[in-house]
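Engineer: Take this structure first; my questions come after.
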Amino acid sequence: MSSPLNRQLLRLATAGSVDDGKSTLVGRLLHDCKAILADQIAHVKTVSEARGGDFDFALLTDGLRAEREQGITIDVAYRYFATDKRSFILADCPGHVQYTRNTVTGASTADVVIILVDARHGVLEQTRRHLAVAGLLRVPHVVLAVNKIDLVDYDESVYTGIAKEVGQLADQLGIADLKTIPVSALVGDNIVTRSENTAWYDGPALLEVLENANGRTDISGRALRFPVQYVIRPQTDDEYRDYRGYSGTVASGTVSVGDDVIVLPAGRRTTVSGIDRAVVSATATAVAERPSAVAGEAVTVRLADNLDVARGSVIVAADSSPGTRRELSATVAWLSERPLTVGARLLIKHTTTTAQAIVTKIAGVLDLDTLGVIDAAGLDLNDIGKVQLKIAAPLAADPYSSNNITGSFLLIDAHDGWTLAAGMIDDEEGELL
Amino acid sequence: MTATLEAPLNAHTVTELDALESESIFVFREVAAEFERPVVLFSGGKDSIVMLHLARKAFAPAGVPFTLLHVDTGHNFPEVLAYRDNVVEQLGLRLEVASVEDYIADGRLRERSDGTRNQLQTVPLLDAINQHRFDAVFGGGRRDEERARAKERIFSLRDEFGQWDPRNQRPELWSLYNGKHKPGEHVRVFPLSNWTELDVWNYIAREEIPLPSIYYAHERDVFERDGMLLAVGPYSQPRDGETVAPRTVRYRTVGDMSCTGAVSSDATTAAEVVVEVAASTITERGATRADDRASEAAMEDRKREGYF
């Protein structure tokens with residue numbers, strides 16, 4: 001039997017434009033996977049009736065007072081559901097253009113992004129933006145749900161036209177895996193099971209795709225990157241008196257006892273002498289050794305030599321060190337109402353390092369119509385742009401295309417701490433867009 | 001080295017519980033590294049117990065580098081208080097208590113007309129945060145619990161009045177948690193954000209984490225009110241027309257004893273609770289928290305004011 005003990009977790013994000021039925025789709029998925037319980041249904045029924053309307057699926061997900069009053073979704077809501085095969089964390093992201101930052105947020109951790117299009121309206125500017133975000137953030141799988149297919153009388157040509165247009169956009173944006181599905185969230189066509197209403201469609205239903213998609217964490221085969229979060233030194237009088245371990249979560253690859261590694265930014269070589277995981281009982285706190293750990297696992301690593309290792313250090317495979325850099329070319333999604341201009345002094349947060357940064361160049365902004373980069377003097381809210389940064393500390397950074405943890409960063413306002421931008425480090429050859 | 005290289009790379013795929021555990025441990029370590037005065041809210045309820053278990057794992061073999069804070073309603077289940085004190089003593093932790101009772105006694109707070117105290121916890125909580133200058137406050141809230149909580153960040157900024165502004169939250173990307181805040185502000189941190197009730201119970205079963213006895217089936221004198229089974233006790237007495245009868249029950253949540261309901265259950269182990277929770281047709285809060293039913297946005301309103 002499948003349970004959280006042996007089941008894998010898949011992270012989803014949904015994105016759509018206003019009124020294309022996203023809340024209905026999410027409500028339908030949750031409902032048909034039995035993730036909505038009797039008291040929640042009773043609550044929605046009561047509120048729907050009080051407003052004199054039909055059962056409104058959106059009330060299941062729109063939790064804030066303002067959302068209910070205005071009938072819109074404002075902020076990312078997280079939902080949880082499971083099937084026999086998988087359990088899912090769903091980030092339900094609002095569709096309005098001013099909330100694109102929420103789509104970026106949801107997509108940053110997603111294994112699959114579901115983008116909705118209303119079959120009657122086809123590809124909108126928001127669709128292009130959502131596709132661009134999914135491509136930019138290298139979401140492994142993108143599903144385009146052509147919704148309200150019942151409202152175009154299950155017309156195959158409508159579906160085919162949209163699928164073709166989106167397929168071309170996906171190619172331009174470098175989206176590796178795109179699946180297109182005709183659905184009706186309201187009726188339930190092709191959501192959980194394949195629908196007879198779309199006999200011309202021979203692909204899988206949405207849930208089949210979700211149950212069979214590979215997760216983003218399947219990067220154990222990549223080179224080891226282990227950002228050190230916190231140094232553990234018990235300094236107690238017991239067997240752990242001289243214990244010194246470097247705690248963190250394996251960002252990519254596998255770390256094994258005996259591995260030759262380099263500690264960045266210092267660049268010193270050493271060997272992994274131990275990998276520990278905690279063993280705690282009601283009264284005792286201890287660690288047990290294990291031979292290796294893979295990407296996504298939180299462990300504590302011990303090293304053979306007594307080096308200067310602290311938070312901000314990154315332990316990497318000796319045979320594939322990324323080195324360090326103080327200058328970055330990156331693509332950023334600008335998430336703030338405050339515009340970005342050249343010369344701005346900001347903080348950059350990259351793995352476990354936070355350092356000062358100066359924006360030395362704004363190389364351009366993404367034009368959603370042509371998907372090309374055009375000149376820009378600054379970046380405004382929701383712009384996706386290319387920038388160059390000079391950084392006050394050396395960073396052990398990889399291109400985002402090869403590592404979404406050591407290749408990503410935040411730009412933060414040094415005065416009030418606000419998160420201004422999500423950044424993705426470009427490939428050495430330059431172009432991420 | 002050879003022995004470990006021979007194992008196929010996918011020999012241990014990261015399962016749901018392992019992924020959730022690692023995510024929570026990551027969060028604890030980030031806070032320990034980036035904040036000066038973190039505190040863990042600890043009520044003796046199952047979510048705070050799991051939180052403490054994860055915190056211990058994050059820093060083993062060293063001890064937990066955080067103080068605990070209990071906001072005490074004065075309407076406690078005695079089994080839960082005993083559990084709390086026992087844990088603090090066994091692990092050598094430091095516990096601060098903010099007492100709603102003290103606030104009522106000296107007039108800073110007034111008893112509500114319905115006599116329940118969950119909502120009275122906000123002021124003592126915020127005062128304790130100010131008094132001790134806590135800058136990161138770990139809460140056991142889960143996004144699956146409630147609609148407003150579904151919108152929470154893992155690092156959630158509170159202004160100097162302790163207020164949450166759900167319309168103006170920082171975007172939270174990848175696993176880059178931004179803990180920057182101005183003096184007087186603090187950050188609420190929710191390491192169990194992505195856990196469901198079922199995950200918590202599966203984890204308690206797997207890790208064999210001891211819980212207060214009221215989480216398992218026991219016989220108790222109860223009466224029914226608003227579709228909930230309430231215990232007869234010093235803070236809750238049956239009204240006219242409500243009849244008291246002994247029933248075999250357990251608690252799905254523990255809070256103010258006067259408004260926390262029990263559910264009928266025969267589950268005496270965590271594994272049996274897992275089976276029950278998986279088959280339940282009512283949510284945890286729907287079944288057991290009268291105060292959350294108050295309005296469409298009861299939790300949002302309380303959270304805006306600084307509640308857990």
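Engineer: Tell me yes or no: at least one residue of the stretch B:13-26 is of a type in the set (Phe, Trp, Tyr) and more than 7 Å from every other protein chain (Cβ to nearest Cβ).
Structural biologist: The answer is no, given that none of the residues of the stretch B:13-26 is of a type in the set (Phe, Trp, Tyr) and more than 7 Å from every other protein chain (Cβ to nearest Cβ).
Engineer: Yes or no: A:Ser281 more than 30 Å from A:Ala355 (Cβ to Cβ) and among the polar types (S, T, N, Q)?
Structural biologist: Yes, satisfied.
Engineer: Still on this structure, I have one more. For the stretch A:146-264, give me every one of the strands (runs of 3 or more DSSP E) that falls completely inside it and has 1 or more residues that are among the hydroxyl-bearing types (Ser, Thr, Tyr), in contact (Cβ under 8 Å) with a residue 60 or more places away in the chain and on the phi < 0 side of the Ramachandran plot.
Structural biologist: Where strands (runs of 3 or more DSSP E) fall fully within the stretch A:146-264 and carry at least 1 residues being among the hydroxyl-bearing types (Ser, Thr, Tyr), in contact (Cβ under 8 Å) with a residue 60 or more places away in the chain and on the phi < 0 side of the Ramachandran plot, they are A:230-232, A:245-249.
Engineer: Right, next: Please count how many residues of the stretch A:28-59 are touching a residue at least 40 places away in the same chain (Cβ under 8 Å) and among the small types (Gly, Ala, Ser).
Structural biologist: Total meeting the criteria: 1.
Engineer: Moving to a separate point now. Checking the condition among the hydroxyl-bearing types (Ser, Thr, Tyr) and surrounded by fewer than 19 Cβ atoms within 10 Å (Cβ to Cβ), which residue from B:Tyr203, B:Tyr216 passes?
Structural biologist: B:Tyr216
Engineer: Next up: The conditions are (1) more than 30 Å from B:Val87 (Cα to Cα); (2) modelled with pLDDT under 95, and A:Gln356 fails exactly one of them. Which is it?
Structural biologist: The failed condition is (2).
Engineer: Say we look at the stretch A:101-156 and pick out the residues that are hydroxyl-bearing (Ser, Thr, Tyr) and surrounded by 24 or more Cβ atoms within 10 Å (Cβ to Cβ); which of these is nearest to A:Leu186 (Cα to Cα)?
Structural biologist: A:Thr127
Engineer: Here are the criteria: (1) closer than 24 Å to B:Glu21 by Cβ; (2) in a loop (DSSP other than H, G, I, E, B). Tell me which single one A:Ala310 does not satisfy.
Structural biologist: (1)
Engineer: Being more than 21 Å from A:Gly248 (Cα to Cα) and facing another protein chain (nearest Cβ under 9 Å) narrows it down to one of B:Pro171, B:Pro183, so name that one.
Structural biologist: When all the criteria are applied, what remains is B:Pro171.
Engineer: Within the stretch B:190-204, is even one residue among the charged types (D, E, K, R) and touching a residue at least 40 places away in the same chain (Cβ under 8 Å)?
Structural biologist: yes
Engineer: Identify, from the list B:Asp127, B:Asp102, the residue that is free of Cβ contacts under 8 Å to residues at least 24 places away in the same chain, out of contact with any Ser or Thr (no Cβ under 9 Å at 6 or more places or on another chain) and part of a helix (DSSP H, G or I).
Structural biologist: So the residue among B:Asp127, B:Asp102 that is free of Cβ contacts under 8 Å to residues at least 24 places away in the same chain, out of contact with any Ser or Thr (no Cβ under 9 Å at 6 or more places or on another chain) and part of a helix (DSSP H, G or I) is B:Asp102.
Engineer: Now for a separate question. Return the total of residues in the stretch A:246-261 being more than 8 Å from chain B (Cβ to nearest Cβ) and not hydrophobic (A, V, I, L, M, F, W, C).
Structural biologist: 4
Engineer: Next question. For the subset of the stretch A:327-352 comprising residues that are more than 12 Å from every other protein chain (Cβ to nearest Cβ) and assigned to a strand (DSSP E or B), which member is farthest from B:Val27 (Cα to Cα)?
Structural biologist: Across the stretch A:327-352, the extreme among qualifying residues is A:Thr341.
Engineer: Okay, moving on. Considering only the stretch A:367-417, state which residues are of a type in the set (D, E, K, R), under 17 Å from B:Asn178 (Cβ atoms) and without any contact (Cβ under 8 Å) to a residue 12 or more places away in the chain.
Structural biologist: Across the stretch A:367-417, the qualifying residue is only A:Asp416.
Engineer: If you don't mind, there's one more thing I want to ask. Against the conditions (1) closer than 23 Å to B:Glu207 by Cα; (2) in contact (Cβ under 8 Å) with a residue 40 or more places away in the chain; (3) surrounded by fewer than 23 Cβ atoms within 10 Å (Cβ to Cβ), where does A:Arg269 fall short? Just the number, please.
Structural biologist: Against the list (1) closer than 23 Å to B:Glu207 by Cα; (2) in contact (Cβ under 8 Å) with a residue 40 or more places away in the chain; (3) surrounded by fewer than 23 Cβ atoms within 10 Å (Cβ to Cβ), A:Arg269 comes up short only on (1).
The values are calculated or read from the model by the stated rules, or taken from the named source; none is laboratory data. Quick caveat, the model's predicted, so the values are computed rather than measured. Backbone-built Cβ (ideal geometry, glycine too); neighbour counts: all protein chains shown.
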